[in-house]
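Below: one structure, written as structure tokens.
The values are calculated or read from the model by the stated rules, or taken from the named source; none is laboratory data. In this text the structure is predicted, and so the values were computed from the model without any measurement. All Cβ positions, glycine included, derive from the backbone under ideal geometry; neighbour counts span all protein chains shown.
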Amino acid sequence: MIVSRNPQSVHKPLAPYSHQIEASGNIRWLTLSGQLGMDIEGHVPESSLEQLKLALKNIQLNLQEANMDVQDLTKLVFYIVGEMDADKRREIIGAFLGDHLPCTTMIFVAGLAAPQFKVEIDAWACQEEVD
């Protein structure tokens, strides 16, 4: 069973996310390496917002390969280099997640694996196995 919670004893989430997700029972986990804003041909857009869109698309493609979807995401960690328009960032992430609210963390960092990368996202997903 997978249950999302926002305890009454903790502040309300500051954005669309859940404070906790509990998974128990007969489940399978998927852990992704950090997904970059790079397309299949290796192209990396200069715009951090475009990189964000591509990194989220790469997460979606990984989920599809594992027969999962966005609703199975339990945790996202965003690593962002430099400035990024907060409203546009929220809009892009919101469009990706829809009404699903995984746990999230956002960290602004000095740099990633190479200077052209401005966004990297770690993701975990969990799905109840059907007998």
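Residue pairs, Cβ under 6 Å, 6 or more apart or interchain, first in region 90-107 and closer than 8 Å to PHE78 by Cβ, second among the acidic types (Asp, Glu) and surrounded by fewer than 17 Cβ atoms within 10 Å (Cβ to Cβ). List them.
Correct list of pairs: empty, since none qualify.
Looking at region 58-82, I want the residues that are without any contact (Cβ under 8 Å) to a residue 40 or more places away in the chain and have a partner that is basic (Lys, Arg) and buried (at least 20 other Cβ atoms within 10 Å of the Cβ) with Cβ atoms under 8 Å, at least 6 apart or on another chain. Which pairs are those?
ILE80/LYS118; VAL81/LYS118; GLY82/LYS118
Any residue in region 1-14 that is without any contact (Cβ under 8 Å) to a residue 24 or more places away in the chain and outside any strand (DSSP E or B) sitting within a Cβ distance under 8 Å of a residue that is among the charged types (D, E, K, R) and loosely packed, with under 10 Cβ neighbours inside 10 Å? List the pairs, counting only those 6 or more apart or interchain.
ASN6/LYS12
Identify the residue in region 20-38 that is in a loop (DSSP other than H, G, I, E, B) and modelled with pLDDT under 95 and, among all such residues, is nearest to the chain's Cα centre (by Cα). Break it down into steps so the answer makes sense when it comes.
Here is the first cut: in region 20-38, the residues in a loop (DSSP other than H, G, I, E, B) are 24-26, 37-38.
Add one more test, that the residue is modelled with pLDDT under 95, and what stays is 24-26.
Values: SER24: 21, GLY25: 24, ASN26: 23 Å.
Step by step, filter region 20-38, then rank; the result is SER24.
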